Every structure is written in structure tokens, then in C-alpha cells.
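Here's the structure we're looking at; comments come further down.
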Amino acid sequence: MKDLRRVEKFRQKIESSGKIPYLISDMGDVLYLSGFTGSIGYILITEGENIFITDGRYEEQCKIELKGSWRVEIVSSYKEYFEKLRELFHKLYVTDKLPLNLYLDLSKNVDLVVDDFSEIMQMRMIKDDEEIQMIKNAYQIAADAMMNSLSGFVFGKTEREWAAILEYNMKLSGADKESFDTIVASGYRGAMPHGRASDKVINIFEPVIIDYGSKANYVSDITRMVYMGNDSEVLDNLKIISETVDYCIDLIMPGEICSEIYQKSKRYLEKYNLDEYFNHGLGHSIGIDVHEKPSLSKYDDTIIKEGMIFTVEPGIYFPGKYGIRMEETVLVKKNGCEIISSVLKDRLLKL
């Protein structure tokens, strides 16, 4: 079983580095190691056991989803359980995702060691074959939803209405939920990179950024543009951003450094005097979560390896006017990249 292999691999890593006992609280990490899809659960790795902690709502679910060498502890009170844990262990390794209230509670008489660049984070950077297939499935869901939504994207409706149509079709196509709050940002609102859908009416001759994704255990993340106008500046900038995406994808391969890819993307836009309007990172890894490590940013010096997955999403934003962003997602292979978001072929959508 893949989940058993992952937890045993994790155990080997922390045992070899002396990081036992180890408490995992983040639900993405919990899903990755155990296959558990519920909303709350903890994993405690001790010298001799893999312990899964949850409450009575998930007792039956644990019987279905947890395979292998787990000891399941069904608790009636998490507070009481962790009080007992404080008595059992004088030292405990945790990730930096541990909730603050639990950190403060446990640290009263336990030496908590935060594993900043955690072993599990490093494992999750490289996707295995099953993860890749699940991510591809999430992209197919997102692509199908977009194609089924285009007929409903009518000018004169609001951004919120377009987002609702897209989210409805994602659910019909097989999504559990959206990967994140759907962004539909038209006209001047496109200058906000994270402009969630609002009550603004979408006009026919303004650029529209649609940034969305579906989650079906693993996630997708796609940005496409809608533009029906003929403004030469907008059309030129759409072309430049699409070319920037292609340029950056060609740079991504094993052995390259994340921050250097980002810097090259800035220099590419500098040729067109557009670099000052590009005000965020170039991309990020995805998987169970929509923002995973590593990232294509100036602060991340991670060496790119085969099996990593990145979004590539350069954007330019003109306050009070409009914004443009296009996004593809790539799987790093031995000699380059596979574009897994190409299931939604066109970056510029026409209605």
C-alpha cells in the first residue's frame, strides 16, 4: 500500500536523524502519510508505533481508509489526550504547521523541537506516480468545467455569477470543492492579483482574469484570460505574457535553481519595460495543497529535481486599468517538462 510505504519511509528518515517521537497535525501531511480524508486527525510516530488520533465521528472512516500498521486512538477530548501526552514525553518533534494553541499547551512541560525544513515537506516535494495521476485528474476536472462554463459566461453578468457557474461545473465534473476562492477579476479589478470574484459587472471590451482550480484530494490551479476587445496595448501584452510562460517553461529542468528561474523571468519582461508591473512570484508547487514547496521565487534556492510540479504564472498589473496573467502547470521530467495543464489548451478564451 502506498500510504504504508510513505509512513514507513518517513519513519526511517526521522529515526536516522533522531527525530522521535514526532507529532504531525497538518491535514495535508496526515492525508499524505495515511490516506485519511477526514477533517481532523493527528499522527504520532513513537519508537515502536504509528499512532493515529481522531474522534468518534471518524471511527468507521478509519476502518476503511487506514491500512497497515496503525494503532488508532479514538478520543472523546483532544484536550485531555494532549494533557496525557505531556506526561508521556519530555521531548517532541513537530512541524512549523502545528497550531499555536496546541504549541502553547504542549510546551508547558514538553520540549518542543520545530522541524523547520521538515522531512515530510521534503518527501512531498517529489510526486510519485499515483500523486501525478491524481493531479492530472484534478486538471481534467478543471478543464472540463471551464469548457462547460463558457456558454454561461455572458457579458453583463457579474464576476460572482461567472465564478458560481464555474464552481458549479467543477462539482458536476467530479471536484470535491474548489482548490481556493475562485478569482474572476475584470477590467480595473484585474490589477489585483488575488481579486476574488465580486459584484462588479463584466463588460465586453475589458480583459478578464479567471484563476481557479478543483480539488479531488489533490488540486489543480489554472489561470486563463478572456478578452473580446481590440486594444493594441492589451493584445500586445497578452502575447508577451504568453511568450513569457513558454520561455520560463523551457528553463525548468533538473539541476536548475528556483530563484534563478524567477530572476530570468523578470529579466525577460524587462526587455519590454514590464518587469516593474510583475509583483509576485513566478510560481509554486502544488499537490494536496495549492501552495506547496518549493516555489519559483527570489527567496527559494531549492535545486529543481525530477518529479517536482510547478505552476508558471507571470502576470502584469496596471492599477486602475487592467491586469494580465496566464498560468500553466508543469511536471519536471529528466530532460525538461510535461505541461499537465495543457488539457485546457487555449490561454486566451473567446466567448
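The values are calculated or read from the model by the stated rules, or taken from the named source; none is laboratory data. From a predicted model like this one, the values you see are computed outputs, not experimental measurements. With ideal geometry, Cβ positions are generated from the backbone for all residues, glycine too; neighbour counts draw on all protein chains shown. Note: accessible area is taken over every heavy atom of the protein model, side chains too, but ligands, DNA and RNA are not part of it. Shrake-Rupley method; radii C 1.70, N 1.55, O 1.52, S 1.80 Å.
Scanning region 306-337 for residues that are out of contact with any helix residue (DSSP H, G or I) (no Cβ under 9 Å at 6 or more places or on another chain) and part of a strand (DSSP E or B), which turns out nearest to Phe278 (Cα to Cα)? Filtering first and then ranking leaves Val332.
Annotation note: of Glu87, Glu65, Glu47, the sole residue that is out of contact with any strand residue (DSSP E or B) (no Cβ under 8 Å at 6 or more places or on another chain), among the charged types (D, E, K, R) and closer than 23 Å to Tyr218 by Cβ is Glu65. Please tell me if Val113 is more than 30 Å from Ile286 (Cβ to Cβ), of a type in the set (A, V, I, L, M, F, W, C) and surrounded by fewer than 17 Cβ atoms within 10 Å (Cβ to Cβ). No: the conditions fail for Val113. Looking across region 149-165, the residues that are in contact with a strand residue (DSSP E or B) (Cβ under 6 Å, 6 or more places away or on another chain) and assigned to a helix (DSSP H, G or I) come down to Glu159, Trp162, Ala163. Quickly run through region 320-351 and pick out the residues that are among the charged types (D, E, K, R) and either in contact with a strand residue (DSSP E or B) (Cβ under 7 Å, 6 or more places away or on another chain) or buried (at least 19 other Cβ atoms within 10 Å of the Cβ) (or both). Correct list: Arg325, Glu327, Glu328, Glu338, Arg347.
Within region 67-101, the set of residues being assigned to a helix (DSSP H, G or I), open to solvent by 70 Å² or more (accessible area, probe 1.4 Å) and of a type in the set (Asp, Glu) comprises Glu80, Glu87. With respect to Ala142, determine if the residue is touching a residue at least 12 places away in the same chain (Cβ under 8 Å), within 30 Å of Cys258 (Cβ to Cβ) and of a type outside the set (S, T, N, Q). In short, yes. Is there a residue being in a helix (DSSP H, G or I), closer than 22 Å to Met147 by Cα and either of a type outside the set (Gly, Ala, Ser) or open to solvent by 50 Å² or more (accessible area, probe 1.4 Å) (or both) anywhere in region 171-189? So far as region 171-189 goes, yes, one or more of its residues are in a helix (DSSP H, G or I), closer than 22 Å to Met147 by Cα and either of a type outside the set (Gly, Ala, Ser) or open to solvent by 50 Å² or more (accessible area, probe 1.4 Å) (or both).
Just one residue in the set Ile14, Ile51, Ile20, Ile64 is β-branched (Val, Ile, Thr), open to solvent by 70 Å² or more (accessible area, probe 1.4 Å), over 19 Å from Ile288 (Cα atoms) and more than 22 Å from the chain's Cα centre (by Cα); that residue is Ile64. When the residues of region 42-64 are filtered to those that are hydrophobic (A, V, I, L, M, F, W, C) and part of a strand (DSSP E or B), the one that is nearest to Ile74 (Cα to Cα) is Ile53. Considering (1) under 24 Å from Val332 (Cβ atoms); (2) touching a His at 6+ places or on another chain (Cβ under 6 Å), the lone condition that Pro193 does not fulfil carries the number (1).
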